[in-house]
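One structure is given here, and the rest of the page talks about it.
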Amino acid sequence: MDLYKDITEAKNSGGKKFAVLLDPDKVRLGKLDRVLDLAIDANVDYFFIGGSLIVNDMLDDLLKSIKQKCKIPMILFPGNSFQLSWKADALLFLSLISGRNAELLIGNHVIAAPYLKVSPLEIMSTGYMLVDGGIDTTVTYMSNTRPIPNNKEDIAVCTAVAGELLGMKLIYMDAGSGAKNPVPEKMIQSVSDVISVPLIVGGGISTPEKAAANCRAGADVIVVGNAIEKDPELIMDMSAAIHSVTTKVS
Ligand code: 1GP
C-alpha cells in the first residue's frame, strides 16, 4: 500500500485520518489486544509506533503482535535511530526543523541512510516541529531543542514553509506526548493555509471535540497516544469525531 498516496488523496478530498500512537514501552501486551480490537472496529487509519526514549526491547514484538491481528498500516515514528525495524510498513523520516540540533536535522539520517536505502519501508520525509505544550516533555529534553512558543504563528508558518521548500513531504506539528496544551487551532490554521503537503498534528489531544476542532482548523492526520493509553475505549469516539470532519477543498 502506498501510504503517502493514501494520505495525500484524503487531504485532496478534504478527508481526515486518525493515527493511534503506540509507544512500545507503554503498551502492555495484555492491553494491546483490546486496543487492536477497538482500532479495527473504529476504522483507525494508521498506527504510529515510537517514543522519545524506549528502554525495553519490545519494538519487534509489538509490530509482530499487531501484524498477526490486523492490517492497519504501521508507521514508525522513531525517537532515535535505534527504533527502526523492517517489520513495519513505513517510516516518518523526521527532521526536527523547529530545533537547531544538527544531529536531529541531518546527523542521525546519515547514519540510518544505508539501512533505510535497502529496507522495504516506505520512507516519508517529515518536517517535525515541536510546539510548546506548557510542560517539559520527554521530547524537548531528549532533543535538546527549544519548542516554538505556542503564540508565535509566524515562526511556525515560516518553519513549515521552509520544510516544504526543502522537499519534505509531510509537516508534523507536535506539542509533545502528554502536553498540557495541545497545538492551538490558530497555529494549525495558519500553517495549514500556507502549505500544500499534508499536516499531521498531535500532542495532548485528549477529547474527540479537540480532535475534530484540529481537523476543522486544517489538520489532515490526528495523532493520539496518551489519552488512549489511559482509556482505550476512547478510540471509538475519537475516530468517529475525526472521520466526521471534511474540509472544503478549493
Ligand atoms: C506525541 O503527537 C504524539 O508525539 C501524541 O501525543 O501522547 O499526548 O497523545 P499524546
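The values are calculated or read from the model by the stated rules, or taken from the named source; none is laboratory data. Owing to the predicted nature of the structure, the values given are computational and were not obtained by experimental measurement. Backbone-built Cβ (ideal geometry, glycine too); neighbour counts: all protein chains shown. Just the protein is used for accessible areas: all its heavy atoms, side chains included, with ligands, DNA and RNA removed. Shrake-Rupley method; radii C 1.70, N 1.55, O 1.52, S 1.80 Å.
Could we say that Leu32 is open to solvent by less than 10 Å² (accessible area, probe 1.4 Å), modelled with pLDDT of 95 or more, not in a strand (DSSP E or B) and not basic (Lys, Arg) here? Spell out the reasoning first.
Values: open to solvent by less than 10 Å² (accessible area, probe 1.4 Å): yes; modelled with pLDDT of 95 or more: no; not in a strand (DSSP E or B): yes; not basic (Lys, Arg): yes.
Considered against the rule, which asks whether it is open to solvent by less than 10 Å² (accessible area, probe 1.4 Å), modelled with pLDDT of 95 or more, not in a strand (DSSP E or B) and not basic (Lys, Arg), Leu32 comes out as no.
When you go through Leu104, Leu116 one by one, which is the residue that is within 16 Å of the ligand (Cβ to nearest atom), part of a helix (DSSP H, G or I) and not aromatic (Phe, Trp, Tyr)?
Result: Leu104 is the single residue among Leu104, Leu116 that is within 16 Å of the ligand (Cβ to nearest atom), part of a helix (DSSP H, G or I) and not aromatic (Phe, Trp, Tyr).
Pro73 - would you say it is closer than 28 Å to Ala156 by Cα and of a type outside the set (A, V, I, L, M)? No: the conditions fail for Pro73.
From Ile66, Ile7, grab the single residue that is closer than 20 Å to Gly167 by Cβ and either open to solvent by less than 30 Å² (accessible area, probe 1.4 Å) or of a type in the set (Val, Ile, Thr) (or both). Spell out how you get there, then give the answer.
Details: Ile66 fails: closer than 20 Å to Gly167 by Cβ.
None of the others qualify; the one that does is Ile7.
If only residues of segment 152-184 that are open to solvent by 40 Å² or more (accessible area, probe 1.4 Å), within 16 Å of the ligand (Cβ to nearest atom) and not basic (Lys, Arg) are counted, the one that is modelled with the highest pLDDT is Asn181.
Annotation note: Cβ proximity below 9 Å between a residue of segment 228-243 that is farther than 17 Å from Phe47 by Cβ and a residue that is more than 14 Å from the ligand (Cβ to nearest atom) and assigned to a helix (DSSP H, G or I) (sequence gap 6+ or interchain) occurs for Glu233/Arg34; Glu233/Leu38; Ala241/Glu209; Ala241/Ala212; Ala241/Cys215.
Would you be able to say whether some residue in segment 46-56 is more than 16 Å from the ligand (Cβ to nearest atom), open to solvent by 40 Å² or more (accessible area, probe 1.4 Å), touching an Asp or Glu at 6+ places or on another chain (Cβ under 9 Å) and among the polar types (S, T, N, Q)?
Taking segment 46-56 and keeping what is more than 16 Å from the ligand (Cβ to nearest atom), we get 55-56.
Going one step further and asking which of them are open to solvent by 40 Å² or more (accessible area, probe 1.4 Å), we end up with 55-56.
Checking which are touching an Asp or Glu at 6+ places or on another chain (Cβ under 9 Å) leaves us with 55-56.
With among the polar types (S, T, N, Q) added as a condition, the list becomes 56.
Yes; the residues of segment 46-56 include at least one that is more than 16 Å from the ligand (Cβ to nearest atom), open to solvent by 40 Å² or more (accessible area, probe 1.4 Å), touching an Asp or Glu at 6+ places or on another chain (Cβ under 9 Å) and among the polar types (S, T, N, Q).
Considering only residues in segment 69-89 that are hydrophobic (A, V, I, L, M, F, W, C) and over 16 Å from the mean Cα position of the chain (by Cα), the one that is least open to solvent (accessible area, probe 1.4 Å) turns out to be Cys70.
Listed residues Lys248, Lys210; which is more than 10 Å from the ligand (Cβ to nearest atom), assigned to a loop (DSSP other than H, G, I, E, B) and either on the phi > 0 side of the Ramachandran plot or open to solvent by 20 Å² or more (accessible area, probe 1.4 Å) (or both)? Step by step, each of Lys248, Lys210 is checked, and only Lys248 is more than 10 Å from the ligand (Cβ to nearest atom), assigned to a loop (DSSP other than H, G, I, E, B) and either on the phi > 0 side of the Ramachandran plot or open to solvent by 20 Å² or more (accessible area, probe 1.4 Å) (or both).
Note on segment 191-204: among residues that are open to solvent by less than 30 Å² (accessible area, probe 1.4 Å) and away from the ligand (no atom under 13 Å from the Cβ), the one that is nearest to Thr137 (Cα to Cα) is Val191.
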